[in-house]
Every structure is written in C-alpha cells, then in structure tokens.
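Colleague: A single structure is presented below for examination.
The values are calculated or read from the model by the stated rules, or taken from the named source; none is laboratory data. Remember, predicted model here, so these are calculated numbers, not experimental data. All Cβ positions, even for glycine, are placed from backbone atoms using ideal geometry, and neighbour counts span all protein chains on display.
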Amino acid sequence: MKEVNQVLEYFPDAIKKEINKLLLKYDDLYEQIEEIRIRNNKPIIIKAENDNKILKYIVSEKEILEIFEKICENSVYSYRKQICEGFITIKGGHRIGLTGNVVMEEQKIVNITYISSLNFRIAREKIDCSNNLLSYVINIPKNNIYNTLIISPPGCGKTTILRDLIRKISNGIKQIDFKGKTIGLVDERGEIAAMYKGIPQNDIGIRTDVIDNISKSKGMQMLIRSMSPQIISCDEIGNKEDIEAINYAICCGIKGIFTAHGGNLEEINLNPAISELIRKNIFERLIFLDTNIKGNIDKVYTLDKDTKEYVQIIEK
C-alpha cells in the first residue's frame, strides 16, 4: 500500500481523489497495481496484474505540467539528464517514463518538451523472490557465485529478482553457510537500489556499494578501481561497451551477475555483444525466466568445462 501512496503524492488532488475512489472499490487493487498511465486529454489507465482499469477522468495539459514539475522538484534543469533518457526515478524507486517533443542537437537528445504522457511504474520489493534461483547462482563449495546471466523478455521480473539476489549474496545466507560478499552495483536507471539523495530506498544488503546515474560500462570501471568488489552487477546489459567492461571485470577475477532481454538462447545469440561473451564462455550459468509466472524458472544452462558448450540442466 505504501508504494502506491508514494506515487499518489505527485498527483493533483482531483486525480488523487479519483484514483482513491477506485482503490476503495476494489480491495485488492492496492497490491496489484503495476502502472498508472497519465496522458494529455485522455483518461487515466491503471494497469494491474490481470486487468486494466480505465477512469473516466480526463487529464488536462495543466495537470500534466503540474505533475511533471513536482516530479522534478520544481527544478527541471537538474533532472535534464534523466529526462533525456526518457524516464525519472523518484523516492521509493518508482520509475516514471515520459514522452513528448524530443529536442535534438548534433544527433543527441538534449531535452524533451511538451510532455504528453507519464507512465508511473510501481516499484515493489519482493523479499525472497529469488529463492528458486539460488541453487543455480551460488557455488557453495567455493563460497562464491557462478558468473550468471538472467534472461527474459520485459516484464517478467528480472530486476526484482536481481535485487533480491544482490541482497542475499551481500548479507550472506546462514542456512547454507554462505558468507556475504562485497558487491559493486551499477544502478544506471535507479531501479535496483533506488538511491534517493544518497540513500538506497530498497534493501540491497550490507556489503553493497552503489553507483547510479551513470552508464553501466563507466560505472563498472569506477567500482573496480575504487571499491574492490568481489562481485559486480548491473541490469539489462546489451551494448558493446557493457560487454567490454564485463570482460575486463571477469579477467580481473571479479564474479558477475547480470540480466538481459531475450526469450531463448537463439535470441540472445542474435545480440552481437552478448553472443561474444557467450562464445568466450564468460557466463557459467544462463537462467531463462518463465514468461507466464513471475519468479519461476523456464530453463537453465550450465557451461560444461570439458566441451565448453552450454548444457541444459533444467526445464520447467
């Protein structure tokens, strides 16, 4: 409930009133809301786990601007970098996607004006949601982890699971006598730790150092140089620079746990950057998540040390 209330604070009273009326009508909606979409001169749409609710209330241009300015704490300039990325992360780790008129200079986005849509994605911690993955990620005999890539299409829970894995690995797990590890987390979009003025809004463990608002590749390099991590982690790798930084980290003896978009092994291999890491046998485990049930595993591949091929060890 607190997650939704955190987001509602950014809405004008009239919009807040309409959403609260809907929440009173459906008792379980609080825990099911995933997104609240606000569009200029359009009705509000609330996306829940299994349904969409459309409010009759029509949002005005003035209200869109009021919400946007509140998100930016009345200082749009200080949020310019996030705006140019197409999203803003607010207190609580909630991510707000935005669209509007894109201003380009020298083939680079320098601003987005005339904001037309805002998509509030509700961030929720799900403690222990990574339990199904632990036995495939943690190398118990060596008290370490396997270099792991967690893969699924968008919306299947990769980020939520990664956050919980980081928390567990950072704190240590008494039940299996796993000692906590120092983790360097690059939280480029602020969705994992949800740093707000230097304080993580989510529980990411006691041995986790976070760098945010920076590209994954540069963030990894900085953490390796300055914080001596035993494990490095980031969400949604995919470009050449990410892969070069990961390759460097692994060659330095640092373990890694990452996520990427994809539906199967064939799709992952179509990404030239990620397929390069796979060809180099950087990842010891490839974990594909179930596309129907969040948190469930679809397939797991392990790297055979003798053949240097990926062997499927589990299928749902």
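Colleague: Looking at Asn50, Asn20, Asn119, can you tell me which residue is modelled with pLDDT under 95, within 26 Å of the chain's Cα centre (by Cα) and polar (S, T, N, Q)?
Modeller: Numbers: Asn20 fails: within 26 Å of the chain's Cα centre (by Cα); Asn119 fails: modelled with pLDDT under 95.
Step by step, each of Asn50, Asn20, Asn119 is checked, and only Asn50 is modelled with pLDDT under 95, within 26 Å of the chain's Cα centre (by Cα) and polar (S, T, N, Q).
Colleague: If you don't mind, there's one more thing I want to ask. Which of the numbered conditions does Ile243 fail, given that it passes all the others? Conditions: (1) in a loop (DSSP other than H, G, I, E, B); (2) farther than 30 Å from Gln32 by Cα.
Modeller: Among (1) in a loop (DSSP other than H, G, I, E, B); (2) farther than 30 Å from Gln32 by Cα, Ile243 violates only (1).
Colleague: For the subset of the range 231-247 comprising residues that are surrounded by fewer than 17 Cβ atoms within 10 Å (Cβ to Cβ) and among the polar types (S, T, N, Q), which member is farthest from Ile278 (Cα to Cα)?
Modeller: Ranking the candidates gives Asn239 first.
Colleague: Collect the residues in the range 58-91 that are loosely packed, with under 13 Cβ neighbours inside 10 Å and part of a strand (DSSP E or B), keeping them in residue-number order.
Modeller: Listed by number, the list holds a single entry, Ile58.
Colleague: Could I ask something else about it? Can we say Asp242 is farther than 22 Å from Arg121 by Cα and out of contact with any strand residue (DSSP E or B) (no Cβ under 9 Å at 6 or more places or on another chain)?
Modeller: The answer is no for Asp242.
Colleague: If I ask for residues that are farther than 23 Å from Ile246 by Cβ and modelled with pLDDT of 95 or more, which ones from the range 179-198 would you list?
Modeller: Scanning the range 179-198 gives a single hit, Lys179.
Colleague: Within the range 30-48, is even one residue of a type in the set (Ser, Thr, Tyr) and within 22 Å of Asp212 (Cα to Cα)?
Modeller: no
Colleague: Next question. For the range 183-206, how many residues meet the condition of being surrounded by fewer than 18 Cβ atoms within 10 Å (Cβ to Cβ) and either of a type in the set (D, E, K, R) or outside any strand (DSSP E or B) (or both)?
Modeller: 4
Colleague: Just the residues that are surrounded by fewer than 20 Cβ atoms within 10 Å (Cβ to Cβ) and farther than 7 Å from Gly205 by Cβ, please, taken from the range 164-179.
Modeller: Passing the criteria: Gly172, Ile173, Lys174, Gln175, Ile176, Asp177, Phe178, Lys179.
Colleague: Let me ask something else about it. Tell me, yes or no, whether the range 175-188 has at least one residue that is charged (D, E, K, R) and over 24 Å from Ile140 (Cα atoms).
Modeller: Taking the range 175-188 as the starting set, the residues that turn out to be charged (D, E, K, R) are 177, 179, 181, 187-188.
The next check asks that each one be over 24 Å from Ile140 (Cα atoms); those that pass are 187-188.
Looking through the range 175-188, at least one residue is charged (D, E, K, R) and over 24 Å from Ile140 (Cα atoms).
Colleague: If you don't mind, there's one more thing I want to ask. Assigned to a loop (DSSP other than H, G, I, E, B), over 20 Å from Lys299 (Cα atoms) and of a type in the set (Val, Ile, Thr): is that true of Ile166 in this structure?
Modeller: When the stated conditions are applied, Ile166 does not pass them.
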